[in-house]
Amino acid sequence: MQGSTRRMGVMTDVHRRFLQLLMTHGVLEERDVKRLQKHCYKVHDCNATVEKLEDFINNINSVLESLYIEIKKGVTEDDGRPIYALVNLATTSVSKMASDFAENELDLFRKALELIIDSDTGFASSTNILNLVDQLKGKKMRKKEAEHVLQKFVQNKWLIEKEGEFTLHGRAILEMEQYIRETYPDAVKVCNICRGLLIQGQSCETCGIRMHLPCVAKYFQSSTEPHCPHCNDYWPHEVPEVFDPEKERETGMSRPNKRSLRSRQH
Amino acid sequence: MPRGQKSKLRAREKRRQARAETQGLVVAKATGAAAAAGKSPSSENLPAAGARSTSEAPEGATGAIASGSGTSSAENINSPKAESASSPKGTESSLSEILNKKVVLLVQFLLQKYQKKEPIRKADMMKFVIKQYKSHFNEILKRASDHMELAFGVDLKEVDPTRHCYTLVNKLDLAYDSALNEDEHMPKTGILMIVLGVIFMGGNCAPEEAIWEVLNVMGIYAERKHFIYGDPKKVLTEDLVQLKYLEYRQVANSDPPRYEFLWGPRAHAETSKMKVLEFLAKVHDTIPAAFPSWYEEALRDEEERARARAASRARNAALASARSAALASARSRATASSSSQAK
């Protein structure tokens with residue numbers, strides 16, 4: 001066909017609806033993303049074959065490129081589920097949150113973020129976060145309010161809470177990885193396998209390298225005696241299972257046994 | 001010896017300041033203009049009055065988070081893509097580069113307004129995005145709205161030419177998407193369903209006093225902590241409003257101010273009058289038909305939803321077939337002309 005070979009893809013209403021709905025949800029797991037894609041096809045174009053998700057998303061991203069926005073794929077740190085979010089590339093900060101939270105709330109998030117990154121386990125206790133309430137910018141916030149704001153962060157999928165401690169939700173990591181790397185270059189931890197930002201994970205007791213739980217799962221998948229990829233010492237932690245979407249659908253369980261994935265294994 | 005806590009924090013602050021300064025060089029004009037307009041670019045606070053309103057600007061609050069000073073996110077566009085591309089720090093970007101950035105920022109601004117269902121005023125766009133490039137407003141606006149239409153299927157329309165108020169209208173009919181949300185988990189379902197019910201029965205709008213009257217009977221009080229809902233007043237007036245299940249607004253011309261509740265857009269999308277009526281009927285151990293007038297209204301609502309779904313399906317089917325017909329004829333024309341050329 002004639003015409004210039006434009007790298008930019010073609011957006012149809014199928015893609016636009018998908019984009020709008022993804023934007024509404026903030027972050028979605030891959031299984032829901034696929035459902036969403038099928039739904040959008042159903043609404044607009046029943047007869048068209050559903051494009052492969054990766055190509056579908058690349059198509060949309062090529063149109064969004066000039067706007068410094070993209071649909072980014074990530075993986076949850078605790079059990080390796082693939083997730084997708086619409087991410088702002090232009091501003092390397094918590095801008096997505098800025099429209100939903102007040103100044104003092106954003107500062108609370110920033111304080112919690114710092115504690116999480118500085119911590120060894122990737123978790124910051126509620127107590128430690130709340131003790132910083134007096135240092136917040138903007139309107140004065142009481143500890144009771146701050147507890148409530150932390151819950152709002154959890155509801156909006158910026159933080160995850162486990163047993164009174166907070167860590168970053170996969171969504172926050174997707175949106176803010178760049179910002180975090182630039183702002184905390186000394187404290188930031190990186191996975192030895194995928195080189196991505198690491199908040200929760202396992203670490204070698206001898207040489208200190210760290211790995212994401214899903215990266216551990218994949219790396220040691222078929223080894224009977226796991227050894228540290230860096231210093232070759234025996235790997236002392238329990239190796240989690242690789243995330244398998246098919247298996248999950250069969251058993252009907254939405255989460256694998258959490259006990260073995262508790263990441264207090266540093 | 002690993003760095004102590006204090007030295008780490010000091011180094012971090014230094015880095016943040018340094019980043020703000022180098023970026024400040026490139027957009028010295030912008031902060032200058034901001035200072036001229038009466039804001040202080042070097043202050044810790046955001047370049048607009050009031051903490052709340054600044055959260056609307058894509059740049060204001062990000063400035064607060066990204067750096068301790070009042071820099072705007074316009075500079076952040078320099079990193080990482082643009083920075084690696086061409087201009088070294090400190091040199092003046094060309095006008096077209098700056099306009100490109102403004103378009104990107106305006107799109108972000110419009111997206112935020114769209115998601116929050118807030119009206120878009122020209123004055124706000126000027127203040128938070130366009131700034132000193134006022135003479136290019138029309139061009140920037142046109143390009144931004146083209147992007148919105150192309151990528152998101154959302155139209156920018158001027159609703160009030162005198163007050164320069166715009167709104168974003170979805171070209172896609174979202175009525176069909178309610179089917180997708182069937183198994184969506186509605187938070188705090190019990191209290192929300194009850195409140196939605198009170199609103200429905202109050203003629204789709206209920207004064208706050210009426211809501212509390214009902215909830216008090218159930219042992220839920222505005223000023224008392226609840227063992228399930230925590231702070232019920234906050235749940236209703238903040239959480240559920242933020243999650244768009246409820247709308248909470250002041251009763252017009254009320255002095256002292258009184259407030260009323262309405263269904264929020266997400267409640268309309270995720271549930272229906274019939275579902276709420278069914279819930280209430282169950283609570284009262286009866287059936288929806290036991291409330292004849294509300295039952296009638298709920299039935300009418302169901303009919304309308306079904307009609308809307310059918311209409312949009314028909315429209316989309318017609319559009320799809322029209323498009324494929326046009327494509328087919330274009331293709332046959334092309335092959336006809338190329339085959340005639342080949343001869």
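Measuring between alpha carbons in the structure, the pairs from A:LYS38/A:LYS72; B:LYS234/B:LYS273; A:LYS96/B:LYS134; A:LYS111/A:LYS157; B:LYS101/B:LYS127; B:LYS117/B:LYS275 lying more than 21 angstrom apart are B:LYS234/B:LYS273; A:LYS96/B:LYS134; B:LYS117/B:LYS275.
Output the pairs from A:LYS152/B:LYS116; A:LYS73/B:LYS102; A:LYS143/A:LYS189; B:LYS244/B:LYS282 with a Cα-Cα distance over 23 Å in this structure; if there are none, say none. The answer is A:LYS73/B:LYS102; A:LYS143/A:LYS189; B:LYS244/B:LYS282. Residue by residue along A:98-110, Cβ atoms of other protein chains within 10 Å of the local Cβ number 5 on average.
Here the contact order of segment A:189-243, divided by its residue count and restricted to Cα pairs under 8 Å and six or more residues apart, works out to 30 percent.
Computed over the alpha carbons of segment A:189-243, Rg followed by Dmax gives 10.1, 28 Å. Per residue, chain A reaches -12000 deg cm²/dmol at 222 nm when only DSSP H runs of four or more residues are counted, each adding -39500 (n - 2.57). A simple charge model with +1 on the Cβ of Lys and Arg, -1 on the Cβ of Asp and Glu and nothing else charged puts the dipole of segment A:189-243 at about 320 debye relative to its Cα centre.
Distance between the 7 Å Cα→Cβ label points at A:VAL154 and A:LYS42: 3.3 nm. Under the convention that each Lys and Arg Cβ holds +1 and each Asp and Glu Cβ holds -1, the size of the dipole of segment A:13-67 around its Cα centre is about 240 debye. Of the residues A:LEU132, A:ASN61, A:GLY196, the one whose Cα sits farthest towards the positive end of the charge dipole of chain A is A:ASN61 (charges of +1 on Lys and Arg Cβ, -1 on Asp and Glu Cβ, taken about the Cα centre). Phi-derived couplings, Karplus 6.51 cos²θ - 1.76 cosθ + 1.60 at θ = phi - 60°, listed residue by residue for segment B:127-143: 5, 9, 10, 5, 6, 7, 9, 3, 5, 9, 3, 4, 5, 5, 5, 4, 5 Hz, with x used for Gly and Pro.
Entry note, chain A: relative contact order of 16 percent, from Cα contacts under 8 Å with a spacing of 6+ residues. Among the trypsin sites (Lys or Arg not before Pro) in segment A:186-228, those placed in a DSSP loop whose Cβ has at most 16 other Cβ atoms within 10 Å are A:ARG195. Residues in segment A:124-133 carry Karplus couplings, in order, of 10, 6, 4, 4, 5, 5, 5, 5, 8, 4 Hz; the curve used is 6.51 cos²θ - 1.76 cosθ + 1.60 with θ = phi - 60°, and Gly or Pro positions show x. Charged side chains reduced to their Cβ positions (Lys and Arg at +1, Asp and Glu at -1) give segment B:247-343 a dipole of some 1120 debye around its Cα centre. Here's how it looks for A:VAL75: its modeled amide H is under 5 Å from those of A:ILE83, which are all 5 or more places away or on a different chain. Considered as an equivalent ellipsoid built on the Cα gyration tensor, segment B:198-343 has semi-axes of 51, 20, 14 Å, the largest given first.
Subtract the Cα-Cα distance of B:ALA310 and B:ARG333 from 0.36 nm times their separation in residues, and report this length gain in nm to one decimal.
On the way: separation 23, 0.36 × 23 = 8.28 nm, distance 3.45 nm.
Extra length available between B:ALA310 and B:ARG333 comes to 4.8 nm.
What would the Debye formula give as log10 I(q)/I(0) at q = 0.08, 0.17 Å⁻¹ for the alpha-carbon point model of chain A, no solvent? Values returned for q = 0.08, 0.17 Å⁻¹ are -0.39, -1.37.
List every residue whose amide H lies under 5 Å from the amide H of B:HIS226, counting only residues 5 or more places away in sequence or on a different chain, with H placed 1.01 Å from N in the peptide plane. Answer set, sorted by chain and number: B:ASP231. Restricting the GluC sites (Glu not before Pro) of segment B:205-238 to loop positions (DSSP other than H, G, I, E, B) with no more than 15 neighbouring Cβ atoms within 10 Å leaves B:GLU223. Rg and Dmax of segment A:94-184, both derived from C-alpha coordinates alone, stand at 12.0, 32 Å. Loop-located trypsin sites (Lys or Arg not before Pro) in segment B:115-151 (DSSP state other than H, G, I, E, B) with a sparse environment of at most 14 neighbouring Cβ atoms within 10 Å: B:LYS117.
Under 5 Å between amide hydrogens, which residues at least 5 positions from A:LEU168 or on another chain qualify, with H placed 1.01 Å from N in the peptide plane? Here A:ILE160 satisfy the definition. Screening chain A for DSSP H helices whose Cα atoms reach 20 Å or more along their own axis and whose mean Kyte hydropathy is at least -1.0 gives A:103-118. Relative contact order of segment B:188-343: 17 percent, from C-alpha pairs under 8 Å at least 6 residues apart in sequence.
Every read-out reported here was derived from the displayed coordinates using simple, explicitly stated rules and does not represent laboratory data. Being a predicted model, the structure only gives us computed values, none of them experimental. Note: ideal-geometry Cβ built from the backbone for every residue, glycine included; neighbour counts use all protein chains shown.
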